[in-house]
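Beneath this line is the structure, given in structure tokens, with notes to follow.
The values are calculated or read from the model by the stated rules, or taken from the named source; none is laboratory data. Note that the structure is predicted; figures quoted are calculated from it, not measured. All Cβ positions, even for glycine, are placed from backbone atoms using ideal geometry, and neighbour counts span all protein chains on display.
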Amino acid sequence: MAENILQKAQQPSILIVDDEPQNIHLLGQCLKDKYQILIATSGQQAIEKMSSPPYPDMILLDIVMPEINGFDVCRKIKNSAETKDIPIIFVSAKNSDTDEAKGLELGAVDFISKPFSPTIVQARVKTHFSLQNQKQIIQQSEALLKITLESTKDGMIVFDKNGTVLELNQNFVTMWQLPEDILLDKKVDKIIEHGLKQLADPETALVKIQELLSSDTIETDILTFKDERVFSRYSAPLFQGKIKLGRVACYTDITEQKTLESQLRKLSITDPLTGLYNRRKLHEIIDDELQRAQRYQQEISLLMIDIDHFKHFNDQYGHERGDHILQNVAAAMKKHFRNVDWCCRFGGEEFCVILPDSDLPGTVDAAERFRQLIDDMDCDGLHVTISIGAAMLSNLNKSAAPEELITQADKALYKAKAAGRNQVQLYSIPNQQVAE
């Protein structure tokens, strides 16, 4: 019994905030085996619980509650230095794009719509705990790096104002792979020449070194090597009174830290179930691609893809089979579309593909061939079909927001579903005229 209590105490804690007991019960049931469950039945109660430690490791927060709504609760939590880093996931039936955007702007990390799938809740919670853990690792690494720079440095070199090496340690020799003849020469310019050959961007690095040698201030920067190592450099001038004697440069290998940052970035823009880009990344891609297309006067198209009767599959065969269908369709997308195309999961059973430099015939052909591919595919013994809506940049009003391309493709998708599903429909402009 004591062992069970200890294990329970070591589990991450989740505060569920909802004024409906049934919602608290359902969320608690699907999370209780791996997490400590705390509850608050109102916004005020949640704020009271967050007024002093111990704080929960994560918060699942409803929006519509009496007296104090979820947005206000989130705002108060994020305004506190002690609680601002606690991840908040909104779980609400108030799930319009505006509501979701507002929640994310307030600092929430995710948004789950009611009614929710326990499997999705478990996956989202697990993903964000993983993100939080990696963020903490990176923060700890940065803190350790700062302490290291202030005390013992990994690789250190000291040289005078004439460029003569006064001192360097073995770590510096190892990190920069210095040969014996350069060590004996004791000239900074020889070491710089040798080091530049190892860097990914030697021209930029040389300019920075020249600035650093003439600088009288502390300088920090990052060096990337051809072999993908990454060093941080901390360099400070050496003074005796007002007389500059030389400079000290200290190097720390932060390759692992940068790898973690890259992994964290990838997790933040990737849908965990399918491995496709998520909706947040989709909006970044649309902004960038539309700007590029308009700059070079190229066409661009967007496909909205919906799995037909997906709710039926979930209801009849279970959410696990439904997840397999999503994964199979996503895998087919990666193989079918071009390397320059962007495949994203829009949400639920909807996907989105951005096709740069794709004209109308090419877009329709790619969409139709993908529709047929899914129609012919054996998806775990199930026959799955999709409906596709397509929109073209040339149909956009010049002053329209990039998101309007999604809206047009979504309208075309609705048209495809209304016409019987398992087909491709192209967005058509009312009266066939583009407003100037």
### Task
Can you give me the number of residues within the range 316-373 that are in a helix (DSSP H, G or I), crowded, with 18+ Cβ neighbours inside 10 Å and not hydrophobic (A, V, I, L, M, F, W, C)?
4
### Residue list for the range 160-206, restricted to those being within 18 Å of residue 252 (Cα to Cα) and not in a helix (DSSP H, G or I)
167, 168, 169, 177, 178, 198, 199, 200
#### Entry: Contacts under 9 angstrom Cβ, first residue in the range 402-429 being in contact (Cβ under 8 Å) with a residue 40 or more places away in the chain and in the same structural domain as residue 367 (by TED's automatic domain parsing), partner acidic (Asp, Glu) and part of a helix (DSSP H, G or I), 6 or more apart
402/287; 402/289; 403/97; 422/375; 423/368; 424/368
### Pick from the range 379-393, criterion more than 16 Å from residue 304 (Cα to Cα) and at pLDDT 90 or above, ranking: nearest to the chain's Cα centre (by Cα)
384
### Message
Condition first: free of Cβ contacts under 8 Å to residues at least 60 places away in the same chain, assigned to a helix (DSSP H, G or I) and either crowded, with 19+ Cβ neighbours inside 10 Å or not small (Gly, Ala, Ser) (or both). Now tell me which residues in the range 253-279 satisfy that.
### Response
255, 258, 259, 265, 266
### Message
Need the failing condition index for residue 290 against (1) at pLDDT 90 or above; (2) within 17 Å of residue 391 (Cα to Cα); (3) among the hydrophobic types (A, V, I, L, M, F, W, C), just the number.
### Response
(1)
#### Entry: Residue that is surrounded by the fewest Cβ atoms within 10 Å (Cβ to Cβ) [pool: residues in the range 207-243 that are polar (S, T, N, Q) and part of a strand (DSSP E or B)]
240
### Query
How do the helices (runs of 4 or more DSSP H) wholly within the range 6-99 filter down when requiring 2 or more residues that are in contact (Cβ under 8 Å) with a residue 40 or more places away in the chain and of a type outside the set (Asp, Glu): which remain?
21-31, 70-78
